[in-house]
Amino acid sequence: MGKYAARSLLDPSAVLLLLSVIVAAFYGEGAVAASVVILMLCAKTAEILSFTVADTLLKRSTEGVVPKARVVRDGNVCEIPCEAVAEGDVVILDSGDVVPCDVRLTAAESVLAAENLPGGGHGLYIKNADPINSHVKDVPIEMRSNMLYAGSTVVYGFCMGIAVATGKR
């Protein structure tokens, strides 16, 4: 809450409003300046409280929720806890899904993924199931367009792939 309050009070519009208050007070409009300060503090207090309530509700709503993954097992699509995904499972992902483990894509249709890469990079990446044609022995992570990494989000599209690394591996 403290970080959000500081960010809210240091918002450029708030700083500009405070500068206006100082100018108004300098020109003898103390009553106007005081009323603007009071209204601004009321508005910022309401903003900070609403953020705090929303944050608390969000945390409560996700407590005890077990993330699920869709996999193909025995020829059937089933939902299982993400921790139960095993290497070699066929994982099915759609828009909005969080990637449960590292997946090498075998089929992909117009896939855009938001990734935090193991090497520290992050951003939006276009993904496909095409093999990577490279004579380099170890292709850099950013160039692995046929891989999705655990914790990434499929922003758009549909894909399937093989789980290649699960858990802390």
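Data table
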quantity	calculated
Where a residue in segment 87-104 is of a type in the set (D, E, K, R) and its partner, wherever it lies, is in a loop (DSSP other than H, G, I, E, B) and open to solvent by 20 Å² or more (accessible area, probe 1.4 Å), with Cβ under 8 Å and at least six apart	GLU87/THR166; ASP102/ALA150; ASP102/THR166
Odd one out for SER134, checked against (1) modelled with pLDDT under 85; (2) in contact with a Gly (Cβ under 7 Å, 6 or more places away or on another chain)	(2)
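The values are calculated or read from the model by the stated rules, or taken from the named source; none is laboratory data. What you are looking at is a predicted structure, and each value in this text was computed from that prediction instead of being measured. Reconstructed Cβ throughout: ideal geometry from the backbone, glycine too, with neighbour counts over all protein chains shown. Keep in mind that these areas ignore ligands, DNA and RNA; they rest on the heavy atoms of the full protein, side chains included. Shrake-Rupley method; radii C 1.70, N 1.55, O 1.52, S 1.80 Å.
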